[in-house]
Amino acid sequence: MRDVVISPSELGGTVKAIPSKSQAHRALICAALSEKPAIVECNGTSKDIEATIECLSALKKQPCVLNVGESGSTFRFLLAIVGALGLNAEFVLEGRLPERPLTPLYEELARHGCVLSPQGSNPLCISGQLTAGEYTLDGGVSSQFISGLLFALPLLDGDSLLKLSGKLESAPYVDLTVEMLARFGIKSKFENNAFFIRGNQSYNPPDSVVKVEGDWSNAAFWLCAGAFSQNGITCTGLNLQSKQGDRAVLDVLERFGANIIRGDDFVTVSKGELRGIEIDAGDIPDLVPVLSVVGVAASGLTTIRNAARLRIKESDRLAAVTDVLTVLGAKITEKDDGLEIHGGLKNMHKENGGNVRVSSWNDHRIAMSAAIAAAALCSQPVIIQGSEAVDKSYPTFFDDLRALSRKGQG
């Protein structure tokens, strides 16, 4: 376990957004399924992206062993694809991934020709041939289940209908999938809360290089940190028309009262008079940890709702956020499906008289949120235990934090 010490700092300066993990997964999968060579430009990597690359390479061997690490996207996307390809595969899972639910995707795959070892098995084995037909998924469980089938169903011999019951949560992630599929010539039609997908389609790459755009989910840590910065933090390499749902961080920060300047491919956020707001996290669950940090500093009450799915992420993120911010001195109440944050704190954990230790909960987004809180809101150094959790999505996070700390002080 690797500990890191974060000292209070006036953050400021410019940082370049790392490549979007969400878009990289989708581009790499489409490229691997293509009938012709495809070029994907991704100027950076992480454990999750590397897991997808290694698993796609392993698909060429039979029987194939796919080590997905802790990447839920890699696992859930490829599980359906392996079924569509009719391969025998073992999925090796790490961290909390074996505990995270596969229902209703698991049952739909089994109902359509796949044979799977029991849920919770590690490795989880799949064999058989996925068949076309009518599928039904609860739209409120995981958008990754829907995306996995959207990748897989076009490869089958017959047409399929993917019906969604209930409200679709994290809809922007499904939009990202549909957008990438379209770039590779795969078509689907969405109406009456269902996708109609023709079978026997072929993946064909575009003539141009597929460039992975900047990651709004990870840029959000710097943009939220900018809300505490007098000089501001600028994040470059962002597509302001992106279908990434976490682009909504700008709208949320504006509602908090931060100052925002939008450019062609950059955003600058600087300090404003922050006030508490209500946040519906249905489409932006990954933003909850760092938005909670902003809520701590905002005057009044910040309420986050529609976030129950955070309990089945790399950690129980509602419990993890509550734990970390409470240790640092915040007043935060954990609810069944969200958080209540009584804000207005300027200097957290002043009364503790020494370094304070917080756990990363082995969760990249908890580790990064704790670091932003420690640098921007605490009056003494904070030790983050298990800081290597950031390697999952952002291995250079602490390097970028140090650079912004120096520039802010300068």
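The values are calculated or read from the model by the stated rules, or taken from the named source; none is laboratory data. Quick caveat: nothing in here was measured; it's all calculated off a predicted structure. Glycine gets a Cβ as well: all are built from the backbone with ideal geometry, and neighbour counts include every protein chain shown. When the accessible area is computed, the model is the full protein with side chains, heavy atoms only, and any ligands, DNA or RNA have been set aside. Shrake-Rupley method; radii C 1.70, N 1.55, O 1.52, S 1.80 Å.
When residues in segment 19-33 are screened for being of a type in the set (G, A, S), open to solvent by 20 Å² or more (accessible area, probe 1.4 Å) and not in a helix (DSSP H, G or I), 0 of them pass. The set of residues from segment 296-306 being touching a Lys or Arg at 6+ places or on another chain (Cβ under 8 Å) and open to solvent by less than 10 Å² (accessible area, probe 1.4 Å) comprises A297, A298. Taking every residue in segment 141-157 that is modelled with pLDDT under 95 and pairing it with any residue that is among the β-branched types (V, I, T) and open to solvent by less than 10 Å² (accessible area, probe 1.4 Å), at least 6 positions away or on another chain, the pairs with Cβ-Cβ distances below 8 Å are S143/V174. Among the residues of segment 52-62, is any out of contact with any strand residue (DSSP E or B) (no Cβ under 8 Å at 6 or more places or on another chain), modelled with pLDDT under 95 and either under 20 Å from A367 (Cα atoms) or among the charged types (D, E, K, R) (or both)? Yes - at least one qualifying residue is present in segment 52-62. Tallying residues that are within 18 Å of S292 (Cβ to Cβ), part of a strand (DSSP E or B) and under 22 Å from the mean Cα position of the chain (by Cα) within segment 381-404 yields 1.
From the list D286, D246, the lone residue that is among the acidic types (D, E) and open to solvent by 10 Å² or more (accessible area, probe 1.4 Å) is D286.
Could you please let me know if G44 is within 23 Å of V209 (Cβ to Cβ) and within 17 Å of the chain's Cα centre (by Cα)? Please lay out each step first, then the result.
Details: within 23 Å of V209 (Cβ to Cβ): yes; within 17 Å of the chain's Cα centre (by Cα): yes.
Judged against the criteria, G44 is a match.
Restricting D215, D251, D175 to those that are within 30 Å of H364 (Cα to Cα) and buried (at least 20 other Cβ atoms within 10 Å of the Cβ) reduces the list to D215. For the criterion of being charged (D, E, K, R), open to solvent by less than 10 Å² (accessible area, probe 1.4 Å) and within 25 Å of G214 (Cβ to Cβ), D265 fails. Selection of first residues in segment 120-138 that are within 17 Å of A84 (Cα to Cα) and open to solvent by less than 40 Å² (accessible area, probe 1.4 Å) and of second residues that are part of a loop (DSSP other than H, G, I, E, B) and hydrophobic (A, V, I, L, M, F, W, C), restricted to Cβ pairs under 7 Å at least 6 apart or on distinct chains, gives the following pairs, ordered by first then second residue: L130/L156; A132/L156. The criterion of at least 2 residues that are aromatic (F, W, Y) is met by the following helices (runs of 4 or more DSSP H) wholly inside segment 94-195: 143-152. Looking only at residues in segment 355-381 that are open to solvent by less than 30 Å² (accessible area, probe 1.4 Å) and among the charged types (D, E, K, R), the one that is nearest to A225 (Cα to Cα) is R365.
Has segment 96-111 got any residue that is open to solvent by 10 Å² or more (accessible area, probe 1.4 Å), closer than 21 Å to A32 by Cβ and touching an Asp or Glu at 6+ places or on another chain (Cβ under 9 Å)? The answer is no; no qualifying residue exists.
Scanning segment 261-304 for residues that are touching a residue at least 60 places away in the same chain (Cβ under 8 Å) and among the polar types (S, T, N, Q) yields one hit, S292.
When segment 54-63 is filtered for residues that are over 21 Å from the mean Cα position of the chain (by Cα) and part of a helix (DSSP H, G or I), the ones remaining, listed by number, are S57, A58.
Considering segment 64-93 alone, what residues qualify as being outside any strand (DSSP E or B), over 15 Å from the mean Cα position of the chain (by Cα) and among the small types (G, A, S)?
Kept after step one, since they are outside any strand (DSSP E or B), are these residues of segment 64-93: 70-88.
From the residues that got through so far, the ones that are over 15 Å from the mean Cα position of the chain (by Cα) too are 78-88.
Within segment 64-93, A80, G83, A84, G86 qualify.
With respect to the conditions (1) open to solvent by 40 Å² or more (accessible area, probe 1.4 Å); (2) at pLDDT 95 or above; (3) of a type in the set (S, T, N, Q), S71 falls short on a single one, namely (1).
Considering only residues that are surrounded by fewer than 22 Cβ atoms within 10 Å (Cβ to Cβ) and charged (D, E, K, R), look in segment 74-94 and name the one that is farthest from P118 (Cα to Cα).
Top of the filtered list is E94.
Scanning segment 223-236 turns up no residue that is over 25 Å from G386 (Cα atoms), aliphatic (A, V, I, L, M), part of a helix (DSSP H, G or I) and open to solvent by less than 50 Å² (accessible area, probe 1.4 Å).
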